[in-house]
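Beneath this line is the structure, given in structure tokens, with notes to follow.
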Amino acid sequence: LPTPTTDNGPLVRHGEPVKPLPPLNAHDAQGNPKPLVQLNPYKQGQYGALAVDAAGAFHAVFTDQPATGKPWYLYYRSSADGVTWSAPKNLSDDESDQSASFCRVIADGSGALYAIWKYWNPYNMLDGPGGTSPGVLAYRCLSGGAWSKIVKVTDPAVPAYSWFPSLGPHGELY
């Protein structure tokens with residue numbers, strides 16, 4: 001892929017040029033398409049997001065429901081090549097029977113990866129970027145190869161509705 005550019009030249013992030021992504025090898029040596037990977041093991045996915053880190057590794061978060069009547073959980077998988085993926089890791093199960101909803105994954109300027117989601121009552125209207133259902137905003141951070149504990153940003157008494165992550169000019173996450 002070509003280096004991303006703007007009208008003012010190459011795209012830079014935090015003073016460093018953005019590296020182009022390596023091409024995905026979606027075909028085998030004979031030119032046949034490789035099979036797609038079903039990331040969500042229970043096939044009940046609602047929300048998902050994908051990020052690519054500075055090394056070109058893929059990081060996916062998605063909601064999935066292990067069985068009818070169970071909460072929706074946020075899962076994480078990663079891939080160095082976009083074809084082979086790690087086993088799903090449940091990030092949101094805090095044994096509270098809360099369901100995970102709209103989610104995002106983002107890397108800050110130091111390379112730490114954040115999985116961010118909203119806990120919500122699944123009997124409310126469907127949630128999403130419009131934020132019509134109240135909930136508790138939470139995140140976990142992947143740094144140094146280990147995930148942090150769940151951090152709840154908001155309180156049920158003052159619920160979150162619409163939200164999005166953003167990076168500041170020096171790579172700090174907001």
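The values are calculated or read from the model by the stated rules, or taken from the named source; none is laboratory data. It should be emphasised that the depicted structure is a prediction, and the values quoted were computed from it without experimental measurement. Glycine also receives a Cβ, built like all others from the backbone with ideal geometry; neighbour counts cover every protein chain displayed. For accessibility, only protein heavy atoms count, side chains too; no ligands or nucleic acids. Shrake-Rupley method; radii C 1.70, N 1.55, O 1.52, S 1.80 Å.
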Report yes if residue 86 is of a type in the set (S, T, N, Q), surrounded by fewer than 20 Cβ atoms within 10 Å (Cβ to Cβ) and within 14 Å of residue 53 (Cα to Cα), otherwise no.
-> no
So which pairs qualify, if the first residue must be in the stretch 143-162 and more than 21 Å from residue 107 (Cα to Cα), the second must be in a loop (DSSP other than H, G, I, E, B) and open to solvent by less than 60 Å² (accessible area, probe 1.4 Å), the Cβ gap must be under 8 Å, and the two must be at least 6 apart or on different chains?
-> 159/134; 160/131; 160/134; 160/154; 161/131; 161/133; 161/134
Identify all residues within the stretch 150-172 that are open to solvent by 70 Å² or more (accessible area, probe 1.4 Å), farther than 21 Å from residue 62 by Cβ and at pLDDT 90 or above; write none if there are none.
-> 169, 170
With the stretch 97-171 as the region, which strands (runs of 3 or more DSSP E) entirely inside it contain at least 2 residues that are of a type in the set (Asp, Glu)?
-> none
So which residues in the stretch 108-130 are buried (at least 19 other Cβ atoms within 10 Å of the Cβ) and of a type in the set (A, V, I, L, M, F, W, C)?
-> 113, 115, 116, 117, 120
Failed criterion for residue 55 (all others in (1) surrounded by fewer than 13 Cβ atoms within 10 Å (Cβ to Cβ); (2) not in a loop (DSSP other than H, G, I, E, B) hold) | (2)
